Amino acid sequence: MNPMPAPAHTESAHAASGIAVAVAMSGGVDSSTVAAMLHDRGQSIVGLTMQLWNQRRLPQLQGDGPAQHRCCSLDDVYDARRVAEHFGFPFYVVNFEREFEQTVIRPFVGDYLEGRTPIPCTLCNNHVKFDQLLLTARQIGAGKIATGHYARVRRNGETGRYELLCARDESKDQSYFLFGLTQEQLARTEFPLGELTKQEVREIARRLAVPVAEKPESQEICFVPAGNYVRFIEGYLQEQGSALPADSGEIVSVSGEILGRHNGLHHYTVGQRRGLGFATGRPVYVVEIDRARNRLIVGEDGDLRRAACEVRDVNWIPFERPGAPVSARVRIRNRHEPAEAKVEATGETTARVTFRQPQRAITPGQAAVFYSGERVLGGGWIR
Amino acid sequence: MSIYLDHNATTPVDPRVLDAMLPHFAGAFGNASSIHSAGQQARAAVDAARDSVAGLIGAKPAEIVFTSGGTEADNLALLGIVAASATPRKHVITTAIEHHAVLNTCQQLEKQGTDVTFVDVGSNGIVDPEDVRRALRPETILISVMHANNEIGTIQPIAEIGRIAAEADVYFHCDAVQSAGKLPLDVNRLGVDLLSLSAHKICGPKGVGALYVRSGTPLAPQTFGGHHERDRRPGTENVPGIVGLGKAAELARTRLNEDSPRVAALRDRLEAALLASISMVRVNGDRKRRVANTTNLAFSGAGGEALVIALDLVGVACSTGAACSSGAVEPSHVLTAIGLSHDEARSSLRFSLGRTTTAEEIDEAIATIPRAVERLRSLSPLATSAVTAR
């Protein structure tokens, strides 16, 4: 592998457009403020908004939730465009619907059908935003892209490698979703909000009179209206003419006792407590999703704890795949407090994570991201 | 330097058109329906414009209905003919390469119970009149075929289809939005009963167009209000716009013999230079039977959307596909209809020249476009596979 990718400046030599940075703009306050900050510094920027999903495709979901919090809702595109018009930098909407469907929507649906709980934002980062969008940015003459993520990139002078760091504002840190970025991608990425708090970002947005400075935040999966992913999955499968997932099956205890019936495994996620449809004296959780036998296995809190997990598609960031086990603090879901563990590379792109203390609800489909202090060492998908 | 090569999207208003329009905003502001002299002044201006539009297409002035543009003209023609037909079962024939103003109106007709046949076109982008004839049914009431295609410029055999329509005693509508000012238009020679025009494609203002309706053709109005436009299209006349359309139509008629060969020579030079200097480029659609100003080129392995943006950033305006509501590009239904793959359609650009295009601009475009294509291809995974696939 290349220790270091070609630096961005080799390209600017033939970047006739004179554009230095393409800003990925969602229409929200964070990415709009990034654009405003770079523009304010006198950088030559272009705004790009990705058209990722056509809401008209699943009209039966149209009634779910407020339209303004949806992916590629026209309101968000208009907001992004309004910011560009306000500051007077070039702005374009680029169509990645096909790529998004192939690399995000289908795996998202497929994961749920396989009993996993996916993270579409990371898939989008790996395959669309920092791949297709970065490519488009370079094709139109920009050497780099800037996004509104709360994280930091730093080049290590000694190793020559690019490193991914947590955001200064821990409460906003999004490094968990960025573990898949390659050296090539990190070399061409700027996270201008990485050193700022959300409060500071709002203040900058107000000071620079960003038109969306007061816009509320959206935390949902962008293409799923009102967070109802079950309806999305069923609607998508219906549209594709695919069979709906087997609906009903047994709910069994860890000791094999049949406790009730579930209404389709895609309704459940490991660690889930509510919505199991039966009452017991003690809290009961989903411990495992047994896709092969269409069974939901439930147990008590203690049954949820596991000391180790296998991860696949591992990406190492500050160094190549290490030969010896690495001590790290490992985060197994967003907002999870990273737990001390040993990470051992077991193959070219696989690893085994062994926690010092068993962790609750290690969920297949989520990411295990390895940290050393504020540095992200790498990460992979939990099997 | 900014080079505008997207005249099929819209054109700059000709200064003579603007001069004709200006008095009708604040000075001669009358309502053409008013009895008083201010109204009569407006009425006279509208009537003169009607004469001019009729003159462009060989029609009688009373056969011209002013609308808000080409889309409304298409809607009124299709919806109005179908609504006025008394037959219980109704069938409409159109083609797969029509503008969305016709295609989506036909889809609306389908929802309302009308059968619609979308006749395919050949890889040259031209519909075979015999395919139209074969699509005829006893219950066919209307054929709608565009004159010149907006994306690839191909010219449809309107006169031949007109004869087929006349033989079958079926009404014939032609969307001539992209041929006005580029081809001679005569509704009698073409044998059309309805014909759509738009001002902003012929150096007139946006927001005004016209529908020609042959006298005796029953047309049910689709909007309701006053008795304007002989009860066919209500609403206070857009006097400045209509005056602008009138002047633009006059210029289109009188300048056709001058503009058309000049633009054709520039287009041919641009096309030949790009074909010579860039590898793996192909012309989409028939190269002979097309309007003088348009060339649509497939640049294998270069994403059209990125290429349009890259060219815009260096001052060349052109287009690819059709803009969807967000402003993103959807693959062109015209290019897929003439047999291009999804990737080929997504790597195609349309350059459309106009009255204001200069030789210097074409020189500059010839110098700029190959550089942009090369840069884009050098970064494109598609290009690598296209090269290795050869």
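B:T356 fails exactly one of the following numbered conditions: (1) assigned to a helix (DSSP H, G or I); (2) among the hydroxyl-bearing types (S, T, Y); (3) more than 10 Å from chain A (Cβ to nearest Cβ). What is the number of that condition?
(1)
Cβ contacts < 9 Å: first residue basic (K, R), restricted to region B:136-147; second residue in a loop (DSSP other than H, G, I, E, B), any location; separation 6+ or different chain. Result?
B:R137/B:R89
Please find, among B:R163, B:R137, B:R133, the residue that is assigned to a loop (DSSP other than H, G, I, E, B), modelled with pLDDT of 95 or more and of a type in the set (K, R).
Exactly one residue qualifies, and that residue is B:R137.
Suppose we keep only residues that are touching a residue at least 60 places away in the same chain (Cβ under 8 Å) and surrounded by fewer than 20 Cβ atoms within 10 Å (Cβ to Cβ) within region B:369-381. Which one would you say is farthest from the other protein chains (Cβ to nearest Cβ)?
B:P370
Quick one: which helices (runs of 4 or more DSSP H) lie wholly within region A:176-274 and hold at least 3 residues that are crowded, with 22+ Cβ neighbours inside 10 Å?
A:229-239
Quick one: which residue in A:I105, A:I145 is of a type in the set (A, V, I, L, M, F, W, C), more than 12 Å from chain B (Cβ to nearest Cβ) and either assigned to a helix (DSSP H, G or I) or over 30 Å from A:R329 (Cα atoms) (or both)?
None of the others qualify; the one that does is A:I105.
If a residue must be part of a strand (DSSP E or B) and either among the aliphatic types (A, V, I, L, M) or under 22 Å from the mean Cα position of the chain (by Cα) (or both), how many such residues does region A:355-383 contain?
Counting residues in region A:355-383 that are part of a strand (DSSP E or B) and either among the aliphatic types (A, V, I, L, M) or under 22 Å from the mean Cα position of the chain (by Cα) (or both) gives 16.
Being without any contact (Cβ under 8 Å) to a residue 60 or more places away in the chain and of a type in the set (F, W, Y) is the requirement here; does A:F355 meet it?
So A:F355 fits the description; yes.
Out of all the residues in region B:73-82, is one or more surrounded by fewer than 15 Cβ atoms within 10 Å (Cβ to Cβ) and over 15 Å from the mean Cα position of the chain (by Cα)?
no
Quick check: anything in region A:199-211 of a type in the set (G, A, S) and over 30 Å from A:E300 (Cβ atoms)?
Yes: one or more hits.
Starting from residues that are over 25 Å from A:D75 (Cβ atoms) and in contact (Cβ under 8 Å) with a residue 60 or more places away in the chain, keep the ones in region B:320-334 and report whichever is surrounded by the fewest Cβ atoms within 10 Å (Cβ to Cβ).
B:H333
Which of the following residues is assigned to a strand (DSSP E or B), of a type in the set (D, E, K, R) and in contact with a Ser or Thr (Cβ under 6 Å, 6 or more places away or on another chain): A:R352, A:R329?
Of A:R352, A:R329, the one residue that is assigned to a strand (DSSP E or B), of a type in the set (D, E, K, R) and in contact with a Ser or Thr (Cβ under 6 Å, 6 or more places away or on another chain) is A:R352.
Report, by residue number, each residue of region A:40-55 that is touching a Ser or Thr at 6+ places or on another chain (Cβ under 8 Å) and either polar (S, T, N, Q) or more than 10 Å from chain B (Cβ to nearest Cβ) (or both).
A:T49, A:Q51, A:Q55
How about region B:171-190: which of its residues are surrounded by 20 or more Cβ atoms within 10 Å (Cβ to Cβ) and over 23 Å from B:P15 (Cα atoms)?
Across region B:171-190, the qualifying residues are B:Y171, B:F172, B:H173, B:C174, B:D175, B:A176, B:L185, B:V187, B:L190.
For residues in region A:108-142 being in a helix (DSSP H, G or I) and among the β-branched types (V, I, T), which is nearest to the chain's Cα centre (by Cα)?
That would be A:T122.
How many residues, within region A:76-102, are assigned to a helix (DSSP H, G or I) and either farther than 13 Å from A:S26 by Cβ or away from chain B (no Cβ under 12 Å) (or both)?
11
Looking at (1) of a type in the set (D, E, K, R); (2) within 25 Å of B:L376 (Cβ to Cβ); (3) surrounded by 18 or more Cβ atoms within 10 Å (Cβ to Cβ), which one does A:R98 not meet, given that it meets all the others?
Unmet condition: (3).
Search region B:286-336 for residues being acidic (D, E) and facing another protein chain (nearest Cβ under 9 Å), and hand back the single one that is nearest to A:F91 (Cα to Cα).
The selected residue is B:D312.
The values are calculated or read from the model by the stated rules, or taken from the named source; none is laboratory data. Keep in mind it's a predicted model, so treat the numbers as computed, not measured. FYI the Cβ positions are ideal-geometry reconstructions off the backbone, even for glycines, and counts take in every protein chain you see.
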